[in-house]
Amino acid sequence: MKKQWWHDKVAYQIYPKSFLDTNGDGIGDLRGIINKLDYLKELGVDILWLSPIYKSPFVDQGYDISDYYAIAEEFGTMEEFDELLAETKKRGMYLIMDLVINHCSTEHEWFQKALKDPTGEYADYFFIRKGKNGNPPNQVRSYFGGNAWEQIGDTPYYYLHLFTKGQPDLNWNHPKVIESIYKMVNWWLEKGVAGFRIDAIMNIVKDTSFPDYEPDGADGMFTANKFVNESAAGTYLHELKEHTFAKHNAFTVAEVFDNDKSTLNEFIGDEGHFSTMFDFSAHLLTYGEHGWYDAKPVDFNDWRRVITDSQLLCQGIGFLANILENHDEPRGMCTYLPTYAQNEMGAKMLGTISLLLRGIPFIFQGQEIGMRNCHMDSIEDYDDVSTKDQYALALENGLSEKEALQVCYHYSRDNGRTPMQWTNETQAGFTTGTPWLKVNPNYTEINVASQEQDPDSVLHYYQKLIKLRKMDAYKDLFVYGDFVPTYQDKDLIYAFYRVYEQQKVLILANFSDQAQTLDFTDHVKDILLTNDTMVSIEEGSIIVNPSQVIVIEVK
């Protein structure tokens, strides 16, 4: 594997709207990010990924872009963005943007022109088709529920939106669309952005005959995946890379749900379309058969299996991006830890595993202080379009309002979007105004300020963990070392070695509520890190306490 500048980096996702508000309007802004760069530097992260900050009507939190060359005034100005970029570089850090190019906003100039003339030049920038017998062209279901075709006024024409009706899909078969996308991507890279997180990219190629398929739900519709042609996307992605990313040695991380070994090399190998892609294997375990309402808690054995399989799958091919949570997922410690482990010990244990796996670790804002899911009093407290759809679906399937709200507590995307908890002061120090989304009431106990003063806090532990990963003595091991699973026959134990040349380190974690005594024949060279007060190793055995994780260098 060719060595690249991003291989040894730790990334941190910022959800700007919820990070820090400096002007009292209840919405986080670029100035807030600038003000916290030293905090992020001290944490030890290298790459900052900003969720969308482009001009947008925010139908889907900025993933509906109306102007790719402008900063949303809610976040600040282009001058402030340039300042953020300069200050980031000054600290030896890198900034990557969100790249949303499967769709844009209905307020984008192109779509507004298409609306005025559904048969004109700009109509071909999108998928605009005549309906059939007064109905949409077919019965495809949007990812957010409802038909993915929206009628244009009282005309017989409809436009396609695989996401919300405010997000019309762009036509990647149109040369002018592709040329404009290349130009925009290069404009940001030339400005100094180090790369992109690439949103929903596998949706760009559709079967443009738009056939009807058999319904797969009670609504009489079928899922969009049936005519999204992922296998045909490779040519488009290769050309996108050649015309943009490769010219600037940019770092790219793709939102791709594909862990097929036969195609993985095309995505993240030395000549792959992207630098890396997120490992969503654990997140996929949270899906219900029909929706959130019939999803089951993640089983530890399933979680251990899919993470292990992903690690072994990419070994020798490239790096996956390892995550516990993001803006589209609930908090990791509330998802992957048993209830008895949803505490500071558990947060440290889960973080240790994630950051010491083979691959590029991504931390989501607040993860480093153990932020958790937030109970909302009613569905009106939620902002997320997907949550509102899933709440309605739960009610339709017989759940009470209380039960449907509990489902949202476990699975809502807004769990990751509640404001960052900086202090124990009003609104968690996030804003002096009214926050756009409810602050989690637990901010009085869980916040940055209090953890900065506590040497045993989750925050200080994350700092030590990242420092360990970057130490000269272990950097090559944790970056390039092989992943070797062990203790797989032990219930509620997750353990693996990282092995590089003559070095070998064991990461050993106990997910049970009881101390476990394990056979241990390795010769200890050093205890590098633990989240507990002590490590008990006797001849031939090791005791691992509940929620304890131990990082051991062995001979």
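Counting helices only, and only those DSSP H runs with n ≥ 4, report the 222 nm mean residue ellipticity of the chain as the sum of -39,500 (n - 2.57) divided by its residues, in deg cm²/dmol to the nearest 500.
Values: 15 runs with 146 residues, N = 555.
So the helix-based figure for the chain works out to -7500 deg cm²/dmol.
Counting each pair of different Cα atoms once, what's the Kirkwood radius of region 408-499 in Å, rounded to one decimal? Let's see the in-between values first.
On the way: mean 1/r = 0.0603 Å⁻¹.
Hydrodynamic radius (Kirkwood, Cα pairs) of region 408-499 is 16.6 Å.
Looking only at the chain, where both bridge partners belong to it, what percent of the DSSP beta bridges are antiparallel (to the nearest 5)? Show your work: numbers first, answer last.
Numbers: 43 of 71 bridges.
Expressed as a percentage, antiparallel bridges in the chain total about 60.
When the chain is fully extended, how far beyond the present Cα-Cα distance does SER209 get from GLU539, taking 0.36 nm per residue of separation? Intermediate results must be reported in sequence, preceding the final value.
On the way: separation 330, 0.36 × 330 = 118.80 nm, distance 6.85 nm.
So the chain would gain 111.9 nm between SER209 and GLU539.
With a 1.4 Å probe and all protein chains in place, put ARG469, ARG141 in order of accessible area, largest first. Write down the numbers at each step before the final one.
Working: ARG469 0, ARG141 45 Å².
Most to least solvent-accessible, the answer reads ARG141, ARG469.
May I have the pair-distance distribution P(r) for region 450-524, computed from all Cα-Cα distances with 10 Å bins from 0 and rounded to whole percent?
Over region 450-524, the share of Cα pairs per 10 Å bin runs 16, 36, 36, 11, 0 percent.
Looking at region 1-160, send over the antiparallel percent of its DSSP beta bridges, to the nearest 5.
Values: 10 of 18 bridges.
Expressed as a percentage, antiparallel bridges in region 1-160 total about 55.
Using the basic label-point model (7 angstrom from Cα toward the beta carbon), what is the GLU403 to THR263 distance in nanometres?
Those two pseudo-labels are separated by 3.7 nm.
Given the pairs LYS113/LYS183; LYS17/LYS241; LYS183/LYS226; LYS113/LYS247, which are separated by over 25 angstrom at their Cα positions?
Values: LYS113/LYS183 20 Å; LYS17/LYS241 29 Å; LYS183/LYS226 31 Å; LYS113/LYS247 32 Å.
The answer is LYS17/LYS241; LYS183/LYS226; LYS113/LYS247.
Using a 1.4 angstrom probe on the protein heavy atoms only, line up MET534, MET202 by accessible area, largest first. Provide the component values of the computation, followed by the final result.
On the way: MET534 110, MET202 10 Å².
In descending accessible area the options line up as MET534, MET202.
Could you tally the net charge around GLU401, taking each other residue with its Cβ under 15 Å from the Cβ of GLU401, Lys/Arg +1 and Asp/Glu -1?
Working: positive: LYS388, LYS402; negative: ASP377, GLU380, ASP381, GLU396, GLU403.
Spelling it out: positives minus negatives among the neighbours equals -3.
Using a simple spin-label model with points 7 Å from Cα along the Cα→Cβ vector, what separation in nm is obtained for ASP472 and GLN514?
My value for the distance between the label points is 4.7 nm.
Tell me the GluC sites (Glu not before Pro) within region 350-459 that lie in a loop according to DSSP and have at most 12 other beta-carbon atoms within 10 Å. Mind dumping the intermediate values first?
Working: sites: GLU368, GLU380, GLU396, GLU401, GLU403, GLU425, GLU445, GLU452; in loops: GLU425, GLU445.
Those satisfying the criteria are GLU445.
Within 10 Å of each candidate Cβ there may be at most 16 other Cβ atoms; applying that plus a DSSP loop requirement, which GluC sites (Glu not before Pro) in region 15-101 survive?
Working: sites: GLU42, GLU73, GLU74, GLU79, GLU80, GLU83, GLU87; in loops: GLU73, GLU74.
Counting only loop positions with at most 16 other Cβ atoms within 10 Å, the GluC sites (Glu not before Pro) in region 15-101 are GLU73.
What aspartates and glutamates could a cross-link reach from LYS438, if we take a straight Cα to Cα line under 16 Å and drop same-chain neighbours fewer than 8 places away?
Hits, sequence-local ones excluded: ASP21, ASP25, ASP377, GLU380, ASP381, ASP383, ASP384, ASP414, GLU425.
Looking at the chain, do any whole DSSP H helices span at least 20 angstrom along their long axis by alpha carbon and average -0.5 or above on Kyte-Doolittle, and which?
Details: long enough: 175-191 (24 Å, -0.27); 300-314 (22 Å, -0.25).
Counting only whole DSSP H runs, the qualifying helices are 175-191, 300-314.
Suppose we take every Cα in region 16-87 and form the convex hull; what volume per residue is that in Å³? Before the final figure, lay out the partial values.
Details: hull volume 6.5 nm³, N = 72.
Output value, Cα hull per residue: 91 Å³.
Once each part is reduced to its C-alpha centroid, what is the distance from region 99-177 to region 274-302 in angstrom?
Spelled out, the Cα-based centre of one part sits 30 Å from the other.
Please express the shape of region 387-457 as an equivalent ellipsoid: the semi-axes are the square roots of 5 times the eigenvalues of the C-alpha gyration tensor, given largest first in whole angstrom. Before the final figure, lay out the partial values.
Working: eigenvalues 195, 37, 15 Å².
Ellipsoid half-lengths, sorted descending, are 31, 14, 9 Å.
Can you give the accessible area of ASP328, probe radius 1.4 Å, in Å² rounded to 10?
40 Å²
As a test of reading the structure, rank ASP60, ASP207 by solvent-accessible area (1.4 Å probe, protein chains only), most first.
Numbers: ASP60 10, ASP207 60 Å².
So, going from the largest accessible area down, we get ASP207, ASP60.
Could you work out the per residue convex hull volume over the alpha carbons of the chain, in cubic angstrom?
On the way: hull volume 83.6 nm³, N = 555.
Taking the convex hull of the Cα positions in the chain, it is 151 Å³ per residue.
What does the extension gain come out to for LYS130 and LEU395, with contour length at 0.36 nm per residue minus their alpha carbon separation? Can you show the working numbers first?
Numbers: separation 265, 0.36 × 265 = 95.40 nm, distance 3.39 nm.
Contour length minus the Cα-Cα distance gives 92.0 nm.
If I model a spin label as a point 7 Å beyond the Cα along the Cα-Cβ vector, how far apart are those points for LYS555 and ASN343 in nm?
Label at LYS555, label at ASN343, 3.7 nm between them.
Run the accessible area of region 337-485 with a 1.4 Å probe and give the carbon-and-sulfur part as a rounded percent.
Values: 2680 of 5620 Å².
Of all accessible area on region 337-485, carbon and sulfur atoms account for 48 percent.
Hey, what's region 1-116 come to in accessible area per residue, 1.4 Å probe, Å²? Before the final figure, lay out the partial values.
Working: 4020 Å² over 116 residues.
Averaged over the residues of region 1-116, the accessible area is 35 Å².
The values are calculated or read from the model by the stated rules, or taken from the named source; none is laboratory data. All of these numbers come straight from a predicted model, not from anything done at the bench. So basically every Cβ, Gly included, is an ideal-geometry build from the backbone, and we count neighbours across all protein chains shown. Accessible surface areas use protein heavy atoms only, side chains included; no ligands, DNA or RNA. Shrake-Rupley method; radii C 1.70, N 1.55, O 1.52, S 1.80 Å.
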